[in-house]
Amino acid sequence: MVFKLISWFKGTIQGKMVGAFSIIGLVILILVMITQISVRSIQSLQQQIVKTRMPTSNASLALMNGINHSLAALRGWVILGDAKFKEERRKAWENEIDLPIAQLNEASVHWTDPDNITRLGLIWDEVERFRGYQQEIEEIAFSEENYPAVKIMKQEIKPLVNTFYTNITALIDLEGELKASRERKYILGIMANVRGTFGISAANLQTYLLSGDENYLNAFHEFWEKNQQNFNILNENTDLLTSAQSEHFYQLRESRNQLAGLYPDAIQMRQSKEWNHAEYWLRTKAAPAAAGILQKLDLMVKEQNALLTEDASTMNRNITSLIHTEWTLLLAGLLLCIVVGMLITNHLIKPINKMNLDLNILAEGQHPDVVIERTDEIGKMAQSLNRVTEGLKQTASFASEIGKGNFGVEFIPLSDQDILGKALVQMRDNLKRVDNEEQMRKWVTEGLAMFGNLQRQYQGELVELTQHIISELVKYIKANQGAIFLVEGERLELAACYAWGKQKHMKKSIEKGEGLIGQTWKEQSATYLTEIPEHFVNISSGLGEANPRSIYISPMIVNEEVFGVIEIASFEKYHKFELEFIDKVAENIGAVIYSEKTTEKTKMLLEDSQQQAEEMRAQEEEMRQNTEELIATQEEMNRQKNELEREIYSLKQIIIEHNIEIPENKEG
């Protein structure tokens with residue numbers, strides 16, 4: 001532009017002065033622009049420190065504190081069982097973990113270190129795993145599942161103990177009905193010893209399993225050995241038992257043999273490190289997970305502090321560089337004024353320098369328009385430069401369209417040797433493929449989230465859930481119609497049907513192996529048809545009102561068990577990712593049904609367990625009363641025996657004193 005201006009003034013002094021001052025003005029303009037760029041760079045660094053570095057460091061420290069706080073609260077709950085620790089842990093997660101993580105996610109958008117971004121993803125995964133460990137520990141603590149040895153005691157040992165008590169008591173009761181003799185009294189005493197030593201050993205074992213005190217374990221072994229000795233004596237005298245007693249003895253012996261096998265297992269489990277799952281998992285799962293998270297967070301804090309220091313140093317360097325640049329440009333402007341004078345007087349140097357300036361601009365990424373109306377070599381060079389510039393403009397325009405997401409734009413490389421053009425075409429194709437994959441992933445993710453919300457919204461309301469699931473599924477995948485069948489005994493019953501934008505209320509029952517749906521249920525694998533004869537739907541699939549072009553039937557499988565079937569019909573064929581999406585929805589519905597059935601089964605088991613516990617308490621009270629009666633009977637027998645011995649002794653004294661002869665019993 002300056003050269004045109006000077007040419008317009010036809011080389012006069014005025015023209016030269018105007019040209020010279022124009023160049024000086026250009027230098028000043030460049031100086032101002034560079035100053036603005038440098039100031040903006042400094043401001044950008046300052047904003048990065050305030051909005052990225054410091055919030056990241058503060059959130060990391062808060063998260064470290066929250067991890068330690070939640071772990072301490074969980075430890076308090078496991079050790080003391082105070083509910084306040086559960087609430088304290090919940091608040092720690094809400095205010096000291098989830099909130100800092102959200103702040104870190106927000107700040108990570110502006111992070112410059114890719115390692116920190118990767119580390120944050122790892123921290124997020126470990127925090128979720130840490131959350132799962134803590135929830136698992138909190139739920140199992142103080143439950144029956146937390147103490148496996150006690151569980152064996154309640155579920156397996158105690159019923160056998162009751163059986164033993166019932167039969168030994170029956171033996172003693174039957175013995176009391178028999179005529180007394182020396183042998184019978186001996187057997188009765190052995191039976192009483194068997195019952196007494198057994199009861200004491202069982203009580204000591206139960207106390208040991210609950211407390212872990214070795215004194216009770218030693219007492220158990222002592223009385224169990226005594227019980228074994230008395231039991232062996234009783235076993236050796238089974239010929240003295242009546243048939244009714246023998247039947248009870250055999251049952252007693254069987255229950256005792258089973259107990260002899262269960263006792264070591266319960267004791268070994270109580271002595272193992274995992275006798276208390278909550279404390280063991282706290283040491284081996286939660287605490288190591290917390291240590292791993294804290295280690296990564298500590299490294300992130302250190303790196304953020306280092307980046308903070310680096311940003312401050314960079315800001316100081318930019319200020320120093322700005323000062324140097326301004327002085328440099330000032331000197332360059334003075335020198336440029338001298339050069340301008342020389343260029344004006346040199347006809348050849350002027351166009352060459354102009355072309356050189358255009359090449360420099362081109363090297364900086366700009367696209368200058370070179371206008372030199374000459375026919376010599378300089379003019380040809382200018383034409384070649386214009387062709388290069390035009391080619392770069394087209395390439396830049398193509399790259400810009402790709403950057404805007406317009407992957408359908410066409411571009412023809414300048415030649416077979418156009419490396420940049422070919423690379424851009426390849427990049428466009430790759431980005432187009434990645435964009436398509438991202439759209440599919442987004443579609444699947446949003447769909448699963450929507451159906452997840454429906455499952456939570458209609459939790460416990462299976463009928464409402466199936467109706468909303470099938471209607472939303474048909475609309476989401478743009479199908480023609482759909483239905484959900486649920487397993488009811490040995491048949492599939494139609495639970496919900498949706499077609500042509502409306503819920504259909506109809507009944508249909510299908511046996512296993514019947515039609516496409518029954519075959520899918522039987523084989524536990526999806527069925528996909530794309531060639532469907534006329535009226536085929538009405539005959540085999542259970543869907544009516546239209547003849548679709550594709551049918552997809554997906555079973556609801558959980559733990560290799562089919563809980564139902566989803567059938568979808570459409571006028572269009574589906575892609576693989578859409579079929580996989582339908583399978584995932586079917587799996588989620590199956591999981592809901594499985595969960596409801598499991599919950600109902602657990603409730604029934606709990607009620608049975610409570611009823612059995614009441615019965616056991618009643619039996620224990622009855623046994624206690626029987627024991628007290630037996631002790632009273634034995635004491636009465638001892639008293640009568642002592643009185644009889646005293647009477648015999650008195651009679652002997654009378655006979656001796658009066659010299660009374662006792663006639664022999666001839667009949668004997």
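Quick look at the values:
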read-out	value
Residues (surrounded by 18 or more Cβ atoms within 10 Å (Cβ to Cβ) and of a type in the set (Asp, Glu)) located in the stretch 557-584	GLU567, GLU578
Flag if LYS84 is in the same structural domain as TYR133 (by TED's automatic domain parsing), modelled with pLDDT under 75 and more than 15 Å from ILE137 (Cα to Cα)	no
From LEU104, LEU160, residue being part of a helix (DSSP H, G or I), within 30 Å of GLU254 (Cα to Cα) and either at pLDDT 80 or above or touching a helix residue (DSSP H, G or I) at 6+ places or on another chain (Cβ under 6 Å) (or both)	LEU160
Count - residues of the stretch 107-137 that are acidic (Asp, Glu) and not in a helix (DSSP H, G or I)	1
Any chance ILE24 is farther than 21 Å from LYS354 by Cβ, surrounded by 13 or more Cβ atoms within 10 Å (Cβ to Cβ) and at pLDDT below 70	no
Which numbered condition GLU438 misses (of (1) modelled with pLDDT under 75; (2) out of contact with any helix residue (DSSP H, G or I) (no Cβ under 8 Å at 6 or more places or on another chain))	(1)
Single residue of the stretch 172-181 satisfying the filter (more than 60 Å from the chain's Cα centre (by Cα) and farther than 17 Å from GLU236 by Cβ) that is modelled with the lowest pLDDT	ALA180
Within the stretch 213-249, tally of residues that are in a helix (DSSP H, G or I), closer than 17 Å to LEU188 by Cα and hydroxyl-bearing (Ser, Thr, Tyr)	3
Single residue of the stretch 535-583 satisfying the filter (touching a Gly at 6+ places or on another chain (Cβ under 6 Å), within 16 Å of ALA483 (Cβ to Cβ) and in a strand (DSSP E or B)) that is modelled with the lowest pLDDT	PHE563
Residue that is farthest from GLY196 (Cα to Cα) [pool: residues in the stretch 631-651 that are at pLDDT 80 or above and among the hydrophobic types (A, V, I, L, M, F, W, C)]	ILE648
Qualifying residue in the stretch 109-125 (condition: within 19 Å of the chain's Cα centre (by Cα), of a type in the set (Val, Ile, Thr) and within 22 Å of LYS285 (Cβ to Cβ))	yes
Any hit, the stretch 253-271, residues being at pLDDT below 70 and closer than 30 Å to TYR165 by Cα	yes
Wholly enclosed strands (runs of 3 or more DSSP E) of the stretch 433-534 bearing at least 3 residues of a type outside the set (Val, Ile, Thr) and in contact (Cβ under 8 Å) with a residue 12 or more places away in the chain	481-488, 491-499
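The values are calculated or read from the model by the stated rules, or taken from the named source; none is laboratory data. The structure presented is a predicted model; accordingly, all values stated were derived computationally and were not measured. As a convention, Cβ positions derive from the backbone with ideal geometry for all residues, glycine included, and neighbour counts pool all protein chains shown.
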